[in-house]
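Worksheet for the structure shown next.
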There are 2 protein chains.
Amino acid sequence: MIRLFIPHDLTAGAELALDHGQSHYLASVMRLSAGDELALFNGRDGEWRAVVSVVTKRAVGVRAETLLRPQAPAPDLDLVVALVKRARVETIVEKAAELGARRVRLTLTERTNADHTRLDRLTAIATEAAEQTGRLDVPAIEAPAKLDKLIDGWEAGRRLLFCDEAGDAAPVLEALSTAPAGPWAILIGPEGGFSPKERERLRALPYATPVTLGPRILRADTAAIAALSLWQAALGDWRQS
Amino acid sequence: MIRLFIPHDLTAGAELALDHGQSHYLASVMRLSAGDELALFNGRDGEWRAVVSVVTKRAVGVRAETLLRPQAPAPDLDLVVALVKRARVETIVEKAAELGARRVRLTLTERTNADHTRLDRLTAIATEAAEQTGRLDVPAIEAPAKLDKLIDGWEAGRRLLFCDEAGDAAPVLEALSTAPAGPWAILIGPEGGFSPKERERLRALPYATPVTLGPRILRADTAAIAALSLWQAALGDWRQS
């Protein structure tokens, strides 16, 4: 069944006009017509079974019918990742959506060369991945901010899994197996690694857990996917069968 | 330091002529000249420090000087993955090399649409990723074979981590935490999943451990990277710091 993320409130019987892009997708790409079913979610009201109520040249209207799944709290996991090359950032955003990250915060480090990204494009990638993966929300994508600024404004109580490529940190699963649940963030550096000054600051943070992801050099997208998977398996929603 | 995978034997003082592609890369792309250093490995003799000995229009010659790292046994992990779309297969091969798989075996399942791949291109991707990630060998890439045939010829003593998207299997880390070390393979199905008949056969294999990778639907490349990371963290070479 097609799943669409929409901004509208969802209640039984609500008649909703889809925007141009989603109307085109349903009518012209997927060739749905009146009476066909789909699923809708908005990040607040759960997932709803809906039917196409009207198809015109200008727009598609849908009607929410019954609640399929109530909104449930998702793991509170942020991914903080250095702004790497565009294709790798896009992969990271797609995979973060599949792997259940609540938010992707892009960051600029001393060894980050890029400084620009298209947030609208990254949000579209996150939305499409969320629709396909079956989650009930879309991860928020945050504009690039300097690492020092992110640390200065760090939220109290959120732990940080610091993926430290320098190699003398604890094995990741050993660290996660004794770590507390609750809000977490994963930090992935740029391809050139963190500077010595950045590493020193990160290692001194009382809420940071430095870990190593094995003996090989990983690209930023590989490291991000590995760390998200390990966190979900050890502390997140991959624990229940 | 540049790392190159070469077919030649490596011994102290060995003078080696590089092939056209590697010669072009060193001389024209990286602009190395006589006396410059690089690292060489061949999957058998460890990693060697080498120097460029001669640069001509036709070829670059290098001389192996000293052993940097002896050849060490790598985790004995295969990735068996359904032949999905070309771009995703290429991602999977790149990531399998970074994540230390010894071999990638492509397979054709009932719901696999593709049947063709370019093994030379996949081997080039695996080689480049192996050079960059710092491993001492290159994963072998095997031509697509039918799943039934792979199971019929299964090597005695090799366990199988069966990533079962149907969802009633054990959580992956719970299963891996009590699993024996030794030779393993990870099995990732096509985007449409395994057929009921295939699942039945896979679940009945005495050497198979069915696991679930969480509540969301994962693309094949995401599932492969997640499972490789979890295996390395639980049973492979990510355990030592």
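Worth a mention:
- Residue among B:GLY13, B:GLY46, B:GLY35 that is closer than 19 Å to B:GLY134 by Cβ and at pLDDT 95 or above: B:GLY46
- Some residue of the range B:17-24 being part of a strand (DSSP E or B) and outside the structural domain of B:ARG135 (by TED's automatic domain parsing): yes
- Single match in B:ALA208, B:ALA204 (criterion: open to solvent by 10 Å² or more (accessible area, probe 1.4 Å), more than 20 Å from B:LEU77 (Cα to Cα), more than 7 Å from every other protein chain (Cβ to nearest Cβ) and of a type in the set (A, V, I, L, M)): B:ALA204
- Counted residues, the range B:114-137 - those being out of contact with any helix residue (DSSP H, G or I) (no Cβ under 6 Å at 6 or more places or on another chain) and either buried (at least 20 other Cβ atoms within 10 Å of the Cβ) or not hydroxyl-bearing (Ser, Thr, Tyr) (or both): 15
- Only one of A:LEU136, A:LEU173, A:LEU202 that is farther than 21 Å from A:LEU230 by Cα and touching a residue at least 24 places away in the same chain (Cβ under 8 Å): A:LEU136
- Condition check for B:LEU161: open to solvent by 20 Å² or more (accessible area, probe 1.4 Å), of a type in the set (A, V, I, L, M, F, W, C), within 14 Å of another protein chain (Cβ to nearest Cβ) and in contact with a helix residue (DSSP H, G or I) (Cβ under 9 Å, 6 or more places away or on another chain): no
- Residue tally, condition more than 26 Å from A:ASP115 (Cα to Cα) and among the small types (Gly, Ala, Ser), over the range A:131-183: 11
- Residue in the range A:224-233 that is assigned by TED's automatic domain parsing to the domain that holds A:GLU142, closer than 18 Å to A:ASP148 by Cβ and modelled with pLDDT of 95 or more present: no
- Every pair of residues 6+ apart whose Cβ atoms lie under 6 Å, when the first sits in the range A:91-102 and is on the phi < 0 side of the Ramachandran plot while the second is open to solvent by 10 Å² or more (accessible area, probe 1.4 Å) and in a helix (DSSP H, G or I): A:VAL93/A:ILE125; A:GLU94/A:ILE125
- Taking the conditions (1) out of contact with any Gly (no Cβ under 8 Å at 6 or more places or on another chain); (2) open to solvent by 10 Å² or more (accessible area, probe 1.4 Å) in turn, A:LEU16 satisfies each one other than (1).
- Flag if B:GLY167 is under 24 Å from the mean Cα position of the chain (by Cα), at pLDDT below 95 and either closer than 26 Å to A:ALA226 by Cβ or within 14 Å of chain A (Cβ to nearest Cβ) (or both): no
- Filtered residues of the range B:87-113 (kept if open to solvent by 10 Å² or more (accessible area, probe 1.4 Å), in a strand (DSSP E or B) and of a type in the set (A, V, I, L, M)): B:LEU108
- Odd one out for A:ILE151 among (1) away from every other protein chain (no Cβ under 12 Å); (2) touching a residue at least 60 places away in the same chain (Cβ under 8 Å); (3) out of contact with any strand residue (DSSP E or B) (no Cβ under 7 Å at 6 or more places or on another chain); (4) open to solvent by less than 30 Å² (accessible area, probe 1.4 Å): (2)
- Counted residues, the range A:176-199 - those being more than 14 Å from chain B (Cβ to nearest Cβ), in contact (Cβ under 8 Å) with a residue 12 or more places away in the chain and part of a helix (DSSP H, G or I): 3
- Restricting attention to the range B:230-241, the residues being touching a residue at least 40 places away in the same chain (Cβ under 8 Å), facing chain A (nearest Cβ under 7 Å) and not in a helix (DSSP H, G or I) number 1.
- Scanning the range B:34-71 for residues that are assigned to a loop (DSSP other than H, G, I, E, B), out of contact with any Lys or Arg (no Cβ under 8 Å at 6 or more places or on another chain) and open to solvent by 60 Å² or more (accessible area, probe 1.4 Å) returns B:ALA34, B:ARG44, B:THR56, B:LYS57, B:ARG58, B:PRO70.
- Scanning the range B:219-229 for residues that are buried (at least 24 other Cβ atoms within 10 Å of the Cβ), within 7 Å of chain A (Cβ to nearest Cβ) and not polar (S, T, N, Q) yields B:ILE225, B:ALA226.
- Qualifying positions in the range A:112-129 - closer than 15 Å to A:VAL80 by Cβ and modelled with pLDDT of 95 or more: A:LEU122
The values are calculated or read from the model by the stated rules, or taken from the named source; none is laboratory data. Everything numeric here is computed off the predicted structure, so don't read it as measured data. For neighbour counting, all protein chains shown are included, and Cβ atoms are generated from backbone atoms with ideal geometry for every residue, glycine included. For accessibility, only protein heavy atoms count, side chains too; no ligands or nucleic acids. Shrake-Rupley method; radii C 1.70, N 1.55, O 1.52, S 1.80 Å.
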